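Undergrad: Questions regarding the structure given below will be posed in turn.
The values are calculated or read from the model by the stated rules, or taken from the named source; none is laboratory data. Remember, it's a predicted structure, so these values are computed and weren't measured experimentally. Cβ: placed from backbone, ideal geometry, glycine included. Neighbour counts: every protein chain shown. Accessible surface areas use protein heavy atoms only, side chains included; no ligands, DNA or RNA. Shrake-Rupley method; radii C 1.70, N 1.55, O 1.52, S 1.80 Å.
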Amino acid sequence: MLAIVAGCGGSPAMRAAERGDWAALRARIADAHRTGKLTNAEATDLARKVARREIATAPANRAVARVRDVSGCARELDGVLSSRMDVHDDAGAEAAWMRIDSGELGLGSARSYTGDATDAWRAVGARGLSRKKDAQARLAAMGDGSPRVRRAAMRASADADPDDATDAEVELLATVARVDPEGIVRSDAVHALASIGGEKVVAKLRDLWTNGDDGVREAIAVAWSSPRVYAHGGAEPLRLLVAAEHGPGAIEAASAASRQEKVEPAIRSSSVALLARTIVSGSRRDRLHAMSIAPLAEPDIVEAFRKAAKDGSGGSDREMEIAAQARLLGSAPDRAAAIQVLEVRAGEDTGRLAVNARTALANAGHLRIQAWIERDLAAHDPWIRLQAAASLGALGRAARGAPLLADADPEVRTRAACTLIMASRIKSTNR
């Protein structure tokens with residue numbers, strides 16, 4: 001175990017968190033809530049203490065999971081992640097990777113691990129190979145025996161200056177996208193190609209589309225509207241895709257195209273039509289997919305949400321109805337009616353669909369359902385408990401989720417702590 005970073009001072013609640021006395025911490029939080037004395041700021045400080053302790057004391061077989069649990073608040077917890085890097089194991093490498101993503105660990109420092117004997121740390125090194133003079137080492141990493149290292153090399157390629165990309169790199173990325181045994185690596189290779197762009201990349205993407213699996217095609221579909229692909233021949237395949245295709249790839253392409261300023265009006269119109277059509281009459285999977293990513297600014301899409309909400313009412317498909325009504329909260333003419341429906345659904349039961357309705361209302365700042373959300377803190381399902389903490393944060397009542405900092409499940413404790421920390425950051429950003 002690592003030494004706990006903080007000292008031994010502070011409130012009784014802080015000391016209980018520091019020593020991992022969850023029963024005492026639970027009691028302290030309950031007392032503070034009864035007297036109304038636990039502020040959001042104090043709850044955030046307590047959350048930091050809990051998260052730091054969980055990372056520092058996690059057993060070896062759960063250390064990677066604990067580090068991943070704080071990915072959303074890595075910047076605020078950089079001190080303990082930096083300390084965790086001092087242990088040369090997979091969890092230490094995970095902490096290093098997260099510090100790269102948060103901007104706290106420089107790529108120069110990451111590159112020092114390029115020759116490491118372990119896959120996890122070698123991946124950290126490969127992640128830093130984004131300079132022009134790293135090209136040969138980056139290409140070598142793309143053929144590494146570890147999928148983690150290969151993924152890191154794809155990320156480095158995507159981050160590199162696209163004008164420095166060689167024909168050899170384009171060829172190798174296309175080969176990886178076609179034959180790598182790991183689907184996620186193949187998709188990452190497509191993303192790297194899209195970052196490079198140009199006519200040669202467009203030709204490679206056309207070839208890859210012909211025999212690509214669903215994951216590769218979905219990545220290519222998004223790539224067609226990316227600036228460096230769209231401007232060099234991506235417009236035509238994008239036009240054909242949104243006009244004639246369906247399924248996840250077409251949905252992703254339409255969503256991306258409808259948000260790009262430089263996409264021509266005809267393609268934007270076809271994209272909006274595809275999304276609206278899918279929301280109303282696609283397969284159930286595709287309808288929910290389109291609902292989650294379609295831009296609400298388009299009148300035809302708003303009308304499609306209204307239709308989907310109506311179709312799902314009356315008990316025929318509660319999930320569809322709730323998903324549609326949740327999006328309609330963002331439409332001023334529909335907001336009041338959506339709130340009424342979601343309030344009913346939120347109070348119907350304690351299952352996940354009701355939680356989805358409560359979450360949507362919380363994200364819209366609807367305080368009237370706070371008591372229902374607080375009851376979810378005691379739910380048997382860990383997912384429901386964590387959703388409750390996130391919803392309380394969205395309502396500006398993050399401190400009310402503090403009981404989860406003393407939850408019996410270490411994953412819930414850690415994730416809830418990160419949720420409280422993120423709620424504090426969002427509040428500060430919005431000031």
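Undergrad: Please verify whether residue 303 is part of a helix (DSSP H, G or I), over 30 Å from residue 333 (Cβ atoms) and either open to solvent by 10 Å² or more (accessible area, probe 1.4 Å) or aromatic (Phe, Trp, Tyr) (or both), treating the condition exactly as stated.
TA: no
Undergrad: Counting only residues that are in a helix (DSSP H, G or I) and within 23 Å of the chain's Cα centre (by Cα), how many does the range 196-226 have? It would help to see each step written out before you state the result.
TA: Step one: filter the range 196-226 for residues in a helix (DSSP H, G or I), giving 196, 199-211, 214-223.
Add one more test, that the residue is within 23 Å of the chain's Cα centre (by Cα), and what stays is 214-223.
Matching residues across the range 196-226 total 10.
Undergrad: While we're on this one: Going by what's in this entry, would residue 250 be described as open to solvent by 10 Å² or more (accessible area, probe 1.4 Å), under 18 Å from residue 220 (Cα atoms) and assigned to a helix (DSSP H, G or I)?
TA: Taking the combined requirement at face value, the residue does not satisfy it.
Undergrad: Still on this structure, please answer the following. Which one of the conditions (1) open to solvent by 70 Å² or more (accessible area, probe 1.4 Å); (2) assigned to a loop (DSSP other than H, G, I, E, B); (3) under 25 Å from residue 153 (Cβ atoms) does residue 105 fail to meet, given that it meets all the rest?
TA: The single condition residue 105 does not satisfy is (1).
Undergrad: Which of (1) assigned to a helix (DSSP H, G or I); (2) open to solvent by 20 Å² or more (accessible area, probe 1.4 Å) does residue 17 not meet, given it meets every other one?
TA: The single condition residue 17 does not satisfy is (2).
Undergrad: Continuing with this model, one more query. Select, from 417, 389, 399, the only residue that is open to solvent by less than 40 Å² (accessible area, probe 1.4 Å), more than 22 Å from residue 74 (Cβ to Cβ), in a helix (DSSP H, G or I) and not hydroxyl-bearing (Ser, Thr, Tyr).
TA: Going through 417, 389, 399 in turn, just one is open to solvent by less than 40 Å² (accessible area, probe 1.4 Å), more than 22 Å from residue 74 (Cβ to Cβ), in a helix (DSSP H, G or I) and not hydroxyl-bearing (Ser, Thr, Tyr): 399.
Undergrad: Of the residues 217, 239, 186, only one is open to solvent by 10 Å² or more (accessible area, probe 1.4 Å), at pLDDT 95 or above and not hydrophobic (A, V, I, L, M, F, W, C); which?
TA: After applying the criteria, what remains is 186.
Undergrad: Answer with yes or no whether residue 123 is closer than 29 Å to residue 89 by Cα and buried (at least 22 other Cβ atoms within 10 Å of the Cβ).
TA: yes
Undergrad: Of 91, 47, 41, which residue is modelled with pLDDT under 95 and in a helix (DSSP H, G or I)?
TA: The match here is 41.
Undergrad: With in contact with a helix residue (DSSP H, G or I) (Cβ under 6 Å, 6 or more places away or on another chain), in a loop (DSSP other than H, G, I, E, B) and without any contact (Cβ under 8 Å) to a residue 40 or more places away in the chain as the only criterion, which of 272, 242, 263 stands out?
TA: 263
Undergrad: I've got another one for you. Consider residue 375 against the criteria (1) open to solvent by less than 40 Å² (accessible area, probe 1.4 Å); (2) over 20 Å from residue 323 (Cα atoms); (3) over 18 Å from the mean Cα position of the chain (by Cα): it satisfies all of them except one. Which criterion is unmet?
TA: For residue 375, the failing item is (1).
Undergrad: Still on this model: Go through 352, 285, 318, 327 for me and flag whichever is among the charged types (D, E, K, R), touching a Leu at 6+ places or on another chain (Cβ under 8 Å) and modelled with pLDDT under 95. Before the answer, list the steps.
TA: Values: 352 fails: touching a Leu at 6+ places or on another chain (Cβ under 8 Å); 285 fails: touching a Leu at 6+ places or on another chain (Cβ under 8 Å); 327 fails: modelled with pLDDT under 95.
Checking each option against the conditions leaves just 318.
Undergrad: Return yes or no: is residue 66 under 27 Å from residue 407 (Cα atoms), open to solvent by 20 Å² or more (accessible area, probe 1.4 Å) and in contact with a Pro (Cβ under 9 Å, 6 or more places away or on another chain)? Working first, answer last.
TA: Working: under 27 Å from residue 407 (Cα atoms): yes; open to solvent by 20 Å² or more (accessible area, probe 1.4 Å): no; in contact with a Pro (Cβ under 9 Å, 6 or more places away or on another chain): yes.
When the stated conditions are applied, residue 66 does not pass them.
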